[in-house]
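Heads up, the thing below is written out as C-alpha cells.
The values are calculated or read from the model by the stated rules, or taken from the named source; none is laboratory data. Model, not experiment: these values are computed from the prediction. No Cβ is skipped: glycine too gets one built from the backbone with ideal geometry, and neighbour counts run over all protein chains shown.
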Amino acid sequence: MIELFLAISLHVGLGQGWNQIHPGIRYTDNQFTVGAFLNSESNVSAYATYTFENVIGNIDLDFGLATGYTGIPVAPIIRATVDIDNNVTAFAALGAASTNQEFHMGVVSGVEYAFGGN
C-alpha cells in the first residue's frame with residue numbers, strides 16, 4: 001500500500017529549533033515499510049522499518065534505519081505507535097542530538113495523519 005502522510009512532532013529533551021512538520025510518502029507490504037520524509041533537521045530522509053504488531057496491547061514497535069541526519073550516515077529507528085483511528089496514529093520515538101558539543105537523549109512524539117492508502 002502506498003500512502004502519503006503528515007506527522008506533527010514535539011521534541012522533548014533534545015533542545016530547540018527542530019522541524020516539527022514531517023510530510024512523507026511510504027510503501028508498506030505486510031510489516032515492512034520503505035519511504036521518505038522531511039526529518040527533524042529539515043532534511044529528506046529515506047527509511048526502512050519492520051513493525052512488530054501488538055507488542056503490548058495495541059502498541060506496535062517499529063525498528064529500522066534512516067538516512068539524512070547530520071553526523072551519522074544511517075541512523076537507527078526505534079518507534080512505538082498506537083492507532084487512534086483508521087488514518088491517525090500517535091507515536092513516540094527515541095531521539096538523540098549533539099548540540100554545542102553536548103550529547104542529548106530524548107523523545108520525539110507526535111501524531112501522524114495518513115492519506116490515500118489503497
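Among Ala46, Ala92, which is modelled with pLDDT of 95 or more, assigned to a strand (DSSP E or B), closer than 12 Å to Val108 by Cβ and out of contact with any Leu (no Cβ under 8 Å at 6 or more places or on another chain)? Steps first, answer last, please.
Details: Ala46 fails: closer than 12 Å to Val108 by Cβ.
None of the other options fit; the residue is Ala92.
Let me confirm something: among Phe37, Phe63, which residue is surrounded by 15 or more Cβ atoms within 10 Å (Cβ to Cβ), within 17 Å of Ala92 (Cβ to Cβ) and modelled with pLDDT of 95 or more?
Details: Phe63 fails: surrounded by 15 or more Cβ atoms within 10 Å (Cβ to Cβ).
Just a single option satisfies the conditions, and that option is Phe37.
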If a residue must be of a type in the set (Gly, Ala, Ser), on the phi < 0 side of the Ramachandran plot and loosely packed, with under 14 Cβ neighbours inside 10 Å, how many such residues does the stretch 66-118 contain? 2
If I filter the stretch 66-85 down to residues being modelled with pLDDT of 95 or more and hydroxyl-bearing (Ser, Thr, Tyr), which single residue comes out as nearest to Gly24 (Cα to Cα)? Thr67
Can you tell me how many residues within the stretch 6-27 are in a strand (DSSP E or B), more than 11 Å from the chain's Cα centre (by Cα) and in contact (Cβ under 8 Å) with a residue 60 or more places away in the chain? 3
